[in-house]
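Encoded as structure tokens, the structure appears first; notes follow it.
The values are calculated or read from the model by the stated rules, or taken from the named source; none is laboratory data. Source: prediction; values computed, not measured. Note: ideal-geometry Cβ built from the backbone for every residue, glycine included; neighbour counts use all protein chains shown. Please note that ligands, DNA and RNA were not included when accessible areas were found on the heavy atoms of the full protein model with its side chains. Shrake-Rupley method; radii C 1.70, N 1.55, O 1.52, S 1.80 Å.
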Amino acid sequence: QDGSAVSNIIVNYGETVPAQTEPTRKGYIFGGWYTDSECTEEYGFDTPVTSGFTLYAKWGLAVSDVTLSTDVFTLTVGEDFQLTAEVQPEDAVNNSVTWSSSDENVATVDETGKVIAVDIGTAVITAEAGGKRDTCTVTVEAADIPVEEVTLDMDALTLEVGEDSQLTAAVQPGN
């Protein structure tokens with residue numbers, strides 16, 4: 001139905017039908033050859049022909065678009081963020097999403113779209129389904145580390161009027 005034309009084939013009794021070239025149909029994915037018009041009985045090309053019959057092409061909707069929940073975001077090292085991908089149409093036959101990161105040394109992404117910031121830098125996260133994709137950019141920054149202690153190089157200092165001195169402070173942790 002509405003797919004590319006397929007030629008009729010003549011096969012001798014007891015021989016098998018040679019596998020056919022997959023037809024095409026705009027906006028659809030070919031889902032196989034079937035012996036009934038409802039496409040519930042898949043045809044096996046290893047079955048010998050014992051009578052005339054018609055094969056029906058099964059069609060499923062192809063993915064038309066993938067859209068991520070955001071185009072850009074920023075994390076600090078160690079943080080995570082949950083991305084979501086919307087696949088259109090929702091009932092497309094090949095709608096499972098594959099995730100990837102352009103630089104796993106900066107950010108990783110798991111099979112659910114959870115992004116984990118690994119190290120300082122920028123990475124592009126890609127979600128792909130049915131040959132369609134969308135991307136977003138994640139920037140990973142250094143985490144703010146709170147000061148735990150400040151120490152001076154002298155316990156006490158006495159100065160006379162007009163005198164000066166240099167104190168040196170050490171901050172912990174050092175980073």
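Computed extension gain for T50 through D103, at 0.36 nm per residue and net of the alpha carbon distance, reaches 13.3 nm. Across region 149-159, rounded Karplus estimates of 3J(HN,Hα) from the backbone phi angles (6.51 cos²θ - 1.76 cosθ + 1.60, θ = phi - 60°) give 7, 10, 10, 9, 7, 9, 7, 8, 8, 10, 10 Hz, Gly and Pro being marked x. For a test of the definition: using alpha carbon positions, the gyration tensor, and the 1.5 limit on a/c, classify region 78-155 as rounded, prolate or oblate. Because a/c hits 1.5 or more and a/b exceeds b/c, region 78-155 counts as prolate. Using a 1.4 angstrom probe on heavy atoms only, work out the carbon and sulfur share of the accessible area of the chain in %. Of all accessible area on the chain, carbon and sulfur atoms account for 46 percent.
Summed over the residues of the chain and divided among them, the accessible surface reaches 68 Å² per residue at a probe radius of 1.4 Å. Within the assembled protein chains, the solvent-accessible surface assigned to L61 is about 50 Å², based on a 1.4 Å probe.
With the highest mean first, a sort of the peptides 88-100, 162-174, 45-57 on other beta-carbon atoms found within 10 angstrom per residue produces 88-100, 45-57, 162-174. Over the chain, the pair-distance histogram of Cα-Cα distances with 10 Å bins from zero comes to 8, 21, 15, 14, 13, 10, 6, 4, 3, 3, 2, 0 percent, rounded to whole numbers.
Counting only residues at least eight positions apart within a chain, or on another chain, the lysines with an alpha carbon under 18 Å from that of K132 are K26.
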